[in-house]
1. Before we move on, is Y303 closer than 30 Å to F214 by Cα and among the aromatic types (F, W, Y)?
2. Going by what's in this entry, would L210 be described as in the same structural domain as V155 (by TED's automatic domain parsing), assigned to a strand (DSSP E or B) and not polar (S, T, N, Q)?
3. Where the second residue is of a type in the set (F, W, Y) and open to solvent by 40 Å² or more (accessible area, probe 1.4 Å) and the first is in the same structural domain as K106 (by TED's automatic domain parsing) and assigned to a helix (DSSP H, G or I) and lies in the range 63-80, which pairs have Cβ atoms under 9 Å and are six or more apart or on separate chains?
4. Any residue in the range 182-203 that is among the acidic types (D, E) sitting within a Cβ distance under 6 Å of a residue that is open to solvent by 30 Å² or more (accessible area, probe 1.4 Å)? List the pairs, counting only those 6 or more apart or interchain.
5. Is it fair to say L296 is surrounded by fewer than 17 Cβ atoms within 10 Å (Cβ to Cβ) and in a helix (DSSP H, G or I)?
6. From the set of residues in the range 481-512 that are at pLDDT below 60 and assigned to a loop (DSSP other than H, G, I, E, B), which is farthest from L199 (Cα to Cα)?
7. What do you reckon, is D233 more than 30 Å from V165 (Cα to Cα), acidic (D, E) and in a loop (DSSP other than H, G, I, E, B)?
8. Anything in the range 98-152 that is open to solvent by 40 Å² or more (accessible area, probe 1.4 Å), on the phi > 0 side of the Ramachandran plot and touching a Ser or Thr at 6+ places or on another chain (Cβ under 9 Å)? List them, or say none.
Amino acid sequence: MGDEGNPQTPRRTTRASLSNTPNPKSSTGKLKSCNLLPLTIHDLAYGDESISFNDLISSLPGRRAQIIELLHLLGPLDSPMFPVFVYGGASTGKTSSILQTFKHLKRPFIYCSCITCYNPRILFESVLNQLLLHRRNESNHYSSAKRCERPSDFVNLLQEALHNVVDSLKGNVEKSSSKKSVGRARGKMVYLVFDNLELAREWDKSSNILPFLFKLYDILKMPEVGLIFLSNDSPDTYYSDTGYVEPVPVYFPDYTEDELRQILMKNQKNPKLYSSFLGVVLRPFCRVTRRVDELLTAFSSLYQIYCEPLDDLGIVPNEDMKRKLFSHLQPHIGPSLNETFKVESRLSSEASANTNKWKGIAKKVGVSESSNEIDFHMSACAKYLLICAFLASRNPATLDASMFDSTGGSNNKKRKRSSEKSKEKKEIAEQELLLKGPGTFPLERLFAIFQCIVSVSECLPDEEAQGDGGLEGESWTNGLLSDVLLELSSLCNANFISKGGSCPLEGANRYRSMVSEAMALKVAKSLKFPLAKYLYRGG
């Protein structure tokens, strides 16, 4: 749960027991004790005791309005609800707010994150394991209660499991109606919470999984079941059709500087000392990021440096001491900003392993990797992809054959001219297409243009390629396709390229370049790539 606003939020015991794989090397006595405590319907509730509304608000600074809105959408006990779509940037308290709200309401729910459940089968089985109160352990060889891979099978198993849970909750309400029991699940409803939904786009067949999850409300048709989706992306980025009820959106904005101060000040041993530290570092770091997890990571080492001149960490610093501590810390703030918040893709660790390969491409095609003309770092592969996407959005698809040939260059040979009338019609059509602005293009066309530009590197002799630190005889279509996909995902995340929904006719995702011509020329200049030679001007 990367977007927890409160870093001290405890983990839900049932989720830990159901989702985490136990260590086979742990003691036998510990495993036996776990087997002696089977899960019950009350384990679907979060925590042993509920928290008051005031404790709920105080535990999540800056989220009062969002919590009140969530409580309003969840409604009174056992009231049906429409699906809810909670969205906002990473580390804005979405997950913590949901968990703490259910701890306050003491209602049973199922939680699944697309981080740990990284494919449809694991997601389906995680939901069923929690509903069937199944704990994976050594006695069952860490297997799931039901094996489920297809959405159709999941619907059948889910309906059966939900009916059993709802019946158990109804019986629990009747038994506990005469007395108030602490730690018991309240109500007859069960809620399904799907977190980090944006990661499901990267799954295979994700074009079917996301609409399927959104259609669960219409498929199940159970008023005792509520659906809650959490995502870092807004609802507009998801492909929507009229086949399902659109969820009610709840937006979580970024924290303000004062709200971040309240969050970071919680559970500090010396609040006055840490407050003086935040007065030095919080404002400059807030200009770069407002993510709580990143700030906690950066401030952990800086606070140790800040306290180095002190012999007693329980001291209350005066003004002279604050100036002394500031002078000691100041040289470390700038390097920490540069080191912690580099512009990198989410999958930069995998992409950086192939940096030398793309340096070989740049050298063999005679271009430079210098990025002095642009204000941020970008790999050579990402620059080529950005240029290819720009050309695919600006040039009509009918001109690809005349613009590029099999060796990656522009075809300068004169083609046989057709009649003047047909040529005039073609130019008019191409100019009209150009006036519509950047167009969309399929992934296959982007890869075709990309291959034409970089394939010239494969025509060089093997000795020259090895001398330049090249691809060692490995074709990009075989060895580097994964790198291209990683870089394309990074460009989409950075909004250089937008990824739209699947086309109803073609059934494939379409992309669009979001960069201006000036930006594309800067990138091309850094590679010494003749962009103007390939750009259609309509003349």
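The values are calculated or read from the model by the stated rules, or taken from the named source; none is laboratory data. Computed from a predicted model, the values in this text were never measured in an experiment. Backbone-built Cβ (ideal geometry, glycine too); neighbour counts: all protein chains shown. For the accessible areas, the whole protein counts, side chains as well, though only heavy atoms, and no ligand, DNA or RNA atoms are used. Shrake-Rupley method; radii C 1.70, N 1.55, O 1.52, S 1.80 Å.
1. When the stated conditions are applied, Y303 does not pass them.
2. No.
3. Note: pairs meeting the criteria are Q66/Y251; I67/F53; L71/F53; L73/F82.
4. E198/N232; E198/D233
5. Here the answer is yes, as L296 does meet what is asked.
6. Result: L505.
7. yes
8. Listed by number, the residues that qualify are L133, Y142.
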